[in-house]
Each structure stands twice: as C-alpha cells, then as structure tokens.
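Q: First the structure, which I've put down as structure tokens, then a few questions once you've had a look.
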Amino acid sequence: MSKHQEHLETLSEIRSLMERSSRFISLSGLSGVAAGVIALAGAIVAAIYLEVNLFEEHHYYVIRQGEKWGMDYWTFFFVDAGVVLILALAAGIYFTTKKARKSGQKIWDPTARLMLINLAIPLGAGGIFCLILIHHGWFGLVAPTTLIFYGLALLNGGKYTLNDIRFLGITEIILGLIATYYLGYGLLFWAIGFGVLHIVYGIAMYMKYDR
Amino acid sequence: MKNIITQLNKLFESRVRLGIMSLLMVNDWVEFKRMKEMLEVSDGNLASHISSLEKAGFVEVRKVFVGKKPQTSYAATKEGKKAFNDHLDALETLLKNRD
C-alpha cells in the first residue's frame, strides 16, 4: 500500500470513529415509514369516529358529544393516540434494532442515551403543555402544538443522530405553525405531519443509508 | 515537502492512538470500557497507548467511584486537541500536494 493510500485510509477511519462515537447512526428509515403508516391509520380511524371529512374545516370538540363504538369522545381520543404511540415506538425499536444488528453496532450506547434524553425533554414538555390546553378547553390548539413540540424535540435530539432528523424537525415546526393559523384543519395537518412526513423522510433515509 | 512531513506527529503514527484522539475530539469524557469497544483493542494495549498520550500531556484522566467500582474516563487536553488538528492538517496537505 502506498503512503498516499495509507493517509487516505487513516483520514476516513478517523472520520468514521468520530461519527460513530458521537452520533446514533443505526436509526432505520423503515421505522419512519412504519410510524408514518401507523399514524395515518390512526388519523383515518379518528376521522371515521368523528364522521368528518379530513379536508374540510371542523371544530372537532363540538362534533361528538355521545358515544360511538362504546367509547365517549375522550376515551376514544386517548385510546387512539395511545395505540398509535405504542405501535409506532414498537416498530421504531424493531427496525432500528435490526439495522444495528446487521451492521454490528450496539443498540444501547451513550449516543442512543443522549439522543433519547434530548428528544424526551421537549417532547415531555409538549405533552404536559397539551394536557394543560385540554384542561383549559383549548382543544383546537392541541394538534398544532403536538407538531411544534415534536419538531423542537427532533431538532434537539437530531444533534445526536443522522442530520436528516433535524430537517424533519424543522419541517414539523413549520407545519405546526401553519396549522396554528388554519385552526379548523388540525386532524389533516396532524395526518400530514405524523403520517406523510414520516413516510417521505423514512423512504429518503432508507434510500440514503440502509440499502 | 520535507517540512510538511516533519509536521506529522510521531506520537500519532499508531492506529490506536489516532483512534483514541478521534474519540476524544468529539466527546467530552470517554470511559475506558467504551473506548475499548469502539477501538476493538485489548485492555493492556489500550492502557499503554493512553499512558503515552498522557505523558505527552495530550490526555487527562479522571477517576470516579460508581458504587465500589472505580471508573476511569479520559478527555483530550487543549494541547492534545491542537496537536491532533495540526497532525490532520499535515495529512491533508500531504494528500493535496501529491495530486
């Protein structure tokens, strides 16, 4: 091997070590696609429950007072959101573990911990903020608020994983702000932000890193 | 050409030492065990390379007790970071001049 080649190899080895030791790079694009599909399904189920057209303006909190499928409005809302969250997390962990195993990386290391802590703090604040909004009866603000705080969480956690996550975060923040302006379309924007954007970014990341 | 080659730091000729410095450039404190896993080297090998970097003043050591177990972490000193950056610059210049 020539000196030249040796130096080149040294540099790329250094770059890879820096990257692997400071960022969680096993995040799989497929987990984004799966989370997006699950979120879209959740939004569609919600539209069916509320008997609304996603593309029309609505004030969701006055639409349904009675029960449907044996659940009142709030029970349905928390069950739907809970199921979406659990399934999306499970899919995310499944595909990411699979990718980590394939490339011989550890799934739980200091970078994974840093990423999760930095995600969790804005996300937790957003969750509490939404519960307070509900408490005060400002239901229409809940969907845009989840988008904005989720975007902030991704922007923050994205420092410790693939850079694409930061761009996804910025997109979610912009979408959340638009949704705050067009208040009556909360469910539609929620479906775009958590469904369509996850699928689009997931596919792009899969093409870029996983193949 | 000659003076560029002399800018390459002899201390960084070893793969393991290069690896140690790479990790410490982008992470504040790195634990011994984590370093060993990332670099895939033996305890003894890693310890001897760290101590030579420590002697040069490029690496500092911190020992804390987690329960009863001692835990050793390392960080790059200012001089260490500067020396490593100079080394990388020299490598890059060498590569550029060759083409």
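Q: Once the convex hull of the alpha carbons of the protein assembly as shown is built, what does its volume come to per residue, in cubic angstrom?
A: 186
Q: If we count every other residue with Cβ under 12 angstrom of B:Asn9's Cβ, Lys/Arg +1 and Asp/Glu -1, where does the sum land?
A: -1
Q: Cα to Cα, under 14 Å, and not fewer than 8 places away if on the same chain: which aspartates and glutamates meet these conditions relative to B:Lys33?
A: Leaving aside aspartates and glutamates fewer than 8 places away in the same chain, those within reach of B:Lys33 are A:Asp109, B:Asp43.
Q: Given a Förster distance of 30 Å, report the FRET efficiency between A:Val83 and A:His136 from their Cβ-Cβ distance, rounded to the nearest 0.05.
A: 0.70
Q: Another question about this same structure. Between helix A:110-136 and chain A, what is the angle of the helix's C-alpha long axis to the longest principal axis, kept within 0 to 90° and rounded to the nearest 10?
A: Relative to chain A, helix A:110-136 is tipped by roughly 10 degrees.
Q: Right, something else. What is the P(r) of the range A:29-210, as percent of Cα-Cα pairs per 5 Å bin from 0?
A: Pairs per bin, as whole percents: 1, 8, 14, 22, 21, 14, 9, 6, 3, 1, 0.
Q: Fewest Cβ neighbours within 10 Å first, please rank A:Ile192, A:Ile203 accordingly.
A: In increasing order of surrounding Cβ atoms, one gets A:Ile203, A:Ile192.
Q: Measure out, as a whole number of angstrom, how far apart the alpha-carbon centroids of the range B:82-98 and the range A:8-22 sit.
A: If we compute the Cα centre of each part, the gap is 15 Å.
Q: Among A:165-171, A:72-78, what's the highest-first ranking by average C-beta atoms within 10 angstrom per residue?
A: My ranking of the peptides, most packed first, is A:165-171, A:72-78.
Q: Still on this model: Relative to the first principal axis of the alpha-carbon coordinates of chain A, what is the inclination of helix A:3-22, with its axis defined by its Cα atoms, in degrees from 0 to 90 and to the nearest 10?
A: Roughly 30 degrees between the two axes.
Q: Next up: Excluding same-chain residues fewer than 8 positions from B:Lys96, which aspartates and glutamates have a Cα within less than 16 Å of its Cα?
A: Here the aspartates and glutamates satisfying the reach criterion relative to B:Lys96 are A:Glu6, A:Glu9, B:Asp86.
Q: Give the relative contact order (percent, whole number) for chain B; include only Cα pairs under 8 Å separated by 6+ residues.
A: 35
Q: While we're here: Taking every pair of alpha-carbon atoms in the range B:2-94, what share in percent sits in each 5 Å bin, from 0 to the bin with the longest distance?
A: Taking all Cα pairs of the range B:2-94, the binned fractions are 2, 13, 25, 24, 17, 10, 5, 2, 1, 1, 0 percent.
Q: Quick one: if the Förster radius is 30 Å, what FRET efficiency do B:Gln71 and A:Lys3 give, using the C-beta to C-beta distance and rounding to 0.05?
A: The pair B:Gln71/A:Lys3 has a calculated efficiency of 0.15.
Q: Hey, what angle do you get for helix B:78-98 against the long axis of chain B, alpha-carbon based, 0 to 90 degrees rounded to 10?
A: So the inclination is approximately 40 degrees.
Every number in this text was worked out from the coordinates using simple rules, so none of it is lab data. Because the structure is a prediction, the values reported are computed rather than measured. Cβ: placed from backbone, ideal geometry, glycine included. Neighbour counts: every protein chain shown.
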